[in-house]
Amino acid sequence: MMAKGVGETGDVSEICAFVQRTTGIQLGEQKHIMVRARLAKRLRALGLPSVTAYLDYLKQPANGDEITQLIDVLTTNKTSFYRESRHFDLLSERLGLLAERGEEPVIWSAGCSSGEEPYTMSLVALRARVQARILATDISTRVLGMAKAGRYAAEVVADVPKDVQQRYFTKAGAESEVGPAMREQISFAPLNLLGEWRMRGPFHVIFCRNVMIYFDKTTREQLVGRFHEKLAPGGLLFIGLSESLSGLNHPYRLVEPGVYLR
Ligand SMILES: C[S@@+](CC[C@H](N)C(=O)[O-])C[C@H]1O[C@@H](n2cnc3c(N)ncnc32)[C@H](O)[C@@H]1O
């Protein structure tokens, strides 16, 4: 008898429940067809015969990194330099205020994907002549590797003003590589937002943009509550422009779309 593969009727509901428990990513029944299609990729890569075999594999502690591979095929890592640029104008203002007070800005890019967001933060700080400390985290070790490498294709860097490119990037063949001034303000680290947070904080600014879109209401509520604890009084939480905290129980004051004050 042929093993039940994902192309057939392999039941992915247990996998979806496991992903939701460990990462907060909501995969309701309407997503099961998509999950089945994308899982096929992982099964092929691992040479596993069925969804059941994959679930066993996923749950083994020795294969702890597989969850990040799975998230990579189930979610998007879409990002860009200066994405939702209004937020970086506000960041620049905030950095200026902190500098006036003689405070070194401490910033967190939570869900930093391939690095464009924290590198833009770094550019904003450099342009404001402020030395900042930026923590950049993501659950996906694959995108974190890209972020650390800091090499981007010409069409990706096209979002960066020409003069900024010339000053802070170096040419690496057809690609552009972020230079030392941009790098030295940032520390990259793997982090599952649903797991334990070891960093001390407090942060003056937290960006968690276009990450919570995948999470259920309870997870989002808990997460923004945890961000609140990590923010300094008067600190700012930025979420994506298409996201909102309305409908959630939360302790922030809305400043403008996507921007919340502790
Ligand atoms: C669409 S990207 C957003 C990147 C960037 N913040 C932006 O707005 O351009 C979402 C990122 O969230 C990450 N992510 C999803 N679930 C996560 C979790 N539980 N913990 C940490 N990162 C997570 C994904 O790996 C992905 O890189």
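Observations on the model:
- Matching residues, the range 213-240, being modelled with pLDDT of 95 or more, within 16 Å of the ligand (Cβ to nearest atom) and over 15 Å from the mean Cα position of the chain (by Cα): GLU221, GLN222, GLY225, ARG226, LYS230, LEU236
- Condition met for SER176 (within 25 Å of THR141 (Cβ to Cβ) and away from the ligand (no atom under 16 Å from the Cβ)): yes
- Here SER80 fits the description: at pLDDT 95 or above and either within 14 Å of the ligand (Cβ to nearest atom) or aliphatic (A, V, I, L, M) (or both).
- Applying the condition of being in contact with a Cys (Cβ under 8 Å, 6 or more places away or on another chain) and within 9 Å of the ligand (Cβ to nearest atom) to the range 119-142 and asking which residue is farthest from PHE215 (Cα to Cα) yields THR137.
- Going through (1) within 21 Å of PRO251 (Cα to Cα); (2) surrounded by 14 or more Cβ atoms within 10 Å (Cβ to Cβ); (3) within 16 Å of the ligand (Cβ to nearest atom) one by one, ILE186 falls short only on (1).
- Selected residue [assigned by TED's automatic domain parsing to the domain that holds PHE238, within 16 Å of the ligand (Cβ to nearest atom) and over 17 Å from PHE81 (Cα atoms)] from ASN192, ASN210: ASN192
The values are calculated or read from the model by the stated rules, or taken from the named source; none is laboratory data. Given the structure is predicted, the values throughout are model-derived calculations rather than measurements. All Cβ positions, even for glycine, are placed from backbone atoms using ideal geometry, and neighbour counts span all protein chains on display.
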